[in-house]
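Report on one structure; see the data block that follows.
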Amino acid sequence: MPKVIFFTQLVPELSKQVVAPAPGDWDVSFFPHDLPPVEKACLSADTDFLILFPSAIEDSVLRAAQRLKLVQLVSAGFERMPLDLLAELAIPLANNGGTNAIDVAEHTFALILSVYRRLAEMDRNVRNEGWTAIDSGMTTFTIQGKTVGIVGLGHIGKEVAARMVPFGAKVLYYDPFPAPGEVERALQVERTTLDDLLQCSDVVTLHVPLNDGTHHLIGAQEFAQMKSGAILINTCRGPVVDEAALIHALEGGAIRAAGLDVLNEEPTDPQNPILQFENVIFTPHVAGVTYDTWQRRGRFIFENLKRVWAGKEPLSLV
């Protein structure tokens, strides 16, 4: 019988949803993620699988887990994981296989609509100034007829594309790895270079992992290529965007607005100058987090664990 430990920061109700798909005869338990490392090491010494949320673990815990067959993340991001040590110990690492893609895609769409229709400002006006309309006839926009540029056509990028075409948008994408032709045709997307995407898009939305190749992928040079009326949406990782360059672009009117679920530092300094802009809508890194996501993630996690227990390769290897 395999032993599974879930180190989690979720409340018990949600942790139970993640582990609910576990086979009935498996030994599955969950503990707070912020336990002292020595306690986590003791708990993990004879475990077969570790599940982590958030995606971080101390080196001492991994070294103590002599039977460990897989570290399974509940999230997609893995930039805080000790990849070199995992490789040294020959412990495979898997992320969530895109099971939060629907949640992030819907949040992306919500940010686009919120920025285009200035929803936060209108809400404040109604509450504070009565039934006072913003000059919406001049400064709000529709998605129909716009060009949306998706940077990164992975699980999330595909879900975003699938939601754009019914709204009447033309969809471009940039990804170093082209999607198969049948996927491009089904999604009605066209692959292009990053430069062309930036120059042609009314909406630029980012859906890439954070790594050496994507750190500050969008900086001063990229903002200079964008349309002055374009908006930027970031629901992946803050450092994919050079925040200082974004502030400069907003100050100078190089782009119209932004919707940001992520920032370089989280939580950010209350004095961060990015917070001064009325034409930026913020959410606190919650794009992939909804009540409905946990069972979806849990089903993938335990299908993956069962594969490994049966001697097969895990899915969604990092």
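Structure above, values below:
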| read-out | value |
| --- | --- |
| Relative contact order [Cα under 8 Å, 6+ residues apart], the chain, whole percent | 18 percent |
| Cα centroid of the range 1-74 to Cα centroid of the range 260-318, whole Å | 18 Å |
| Placed amide H near residue 28: partners under 5 Å, 5+ positions off or other chain | 4 |
| Spherically averaged projected area of the chain from its Cα convex hull (nm²) | 18.3 nm² |
| Stokes-Einstein D (µm²/s) once Rh is taken as the Kirkwood radius of the range 196-318 over alpha-carbon pairs, at 25 °C in 0.890 mPa s | 150 µm²/s |
| Under-5 Å amide H pairs with residue 259, H placed in peptide plane, nonlocal only | 232, 233, 234, 281 |
| Highest average packing first - 194-206, 119-131, 165-177, 269-281, Cβ atoms within 10 Å | 194-206, 165-177, 269-281, 119-131 |
| 0 to 90° range, to nearest 10: angle between helix 293-309 axis and the chain longest Cα axis | 40 degrees |
| Spatially proximal lysines relative to residue 146 (Cα-Cα < 26 Å; intrachain offsets below 8 disregarded) | 158, 170, 227 |
| D_trans [Stokes-Einstein, Kirkwood Rh over alpha-carbon pairs] for the range 101-282, 10 °C, 1.306 mPa s, µm² s⁻¹ | 95 µm²/s |
| Residue among 90, 162, 230 with the largest mean-square fluctuation in a Gaussian network model of the chain, springs linking Cα atoms under 10 Å | 90 |
| R0 of 30 Å, Cβ-Cβ distance residue 317-residue 38: FRET efficiency to nearest 0.05 | 0.55 |
| From phi via Karplus (6.51, -1.76, 1.60), per-residue ³J(HN,Hα) for the range 138-145 in Hz, x at Gly/Pro | 10, 10, 10, 9, 10, 6, 4, x |
| FRET efficiency, residue 183 to residue 45 (Cβ-Cβ, R0 45 Å, nearest 0.05) | 0.55 |
| Per-residue HN-Hα couplings for the range 206-217 [Karplus 6.51, -1.76, 1.60; θ = phi - 60°; Hz; x = Gly/Pro] | 9, 8, 10, x, 8, 8, 4, x, 10, 4, 6, 4 |
| In Hz, Karplus ³J(HN,Hα) per residue of the range 43-51 (6.51, -1.76, 1.60; θ = phi - 60°; x = Gly, Pro) | 5, 8, 4, 10, 8, 8, 9, 10, 10 |
| Proximal lysines to residue 3, defined as alpha-carbon separation beneath 17 angstrom and excluding residues fewer than eight positions away on the same chain | 16, 40, 69, 306 |
| Local electrostatic count at residue 287 - Lys and Arg +1, Asp and Glu -1, tallied over other residues with Cβ under 13 Å | -4 |
| Residues of the range 32-57 with amide N under 17 Å of a point placed 7 Å along Cα→Cβ from residue 66 | 41-49 |
| The range 101-282 - percent relative contact order, Cα under 8 Å, separation 6 or more | 20 percent |
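Throughout, read-outs are computed from the coordinates displayed, never taken from laboratory work. All of these numbers come straight from a predicted model, not from anything done at the bench. Note that each Cβ is placed from the backbone with ideal geometry, even for glycine, and that neighbours are counted across all protein chains shown.
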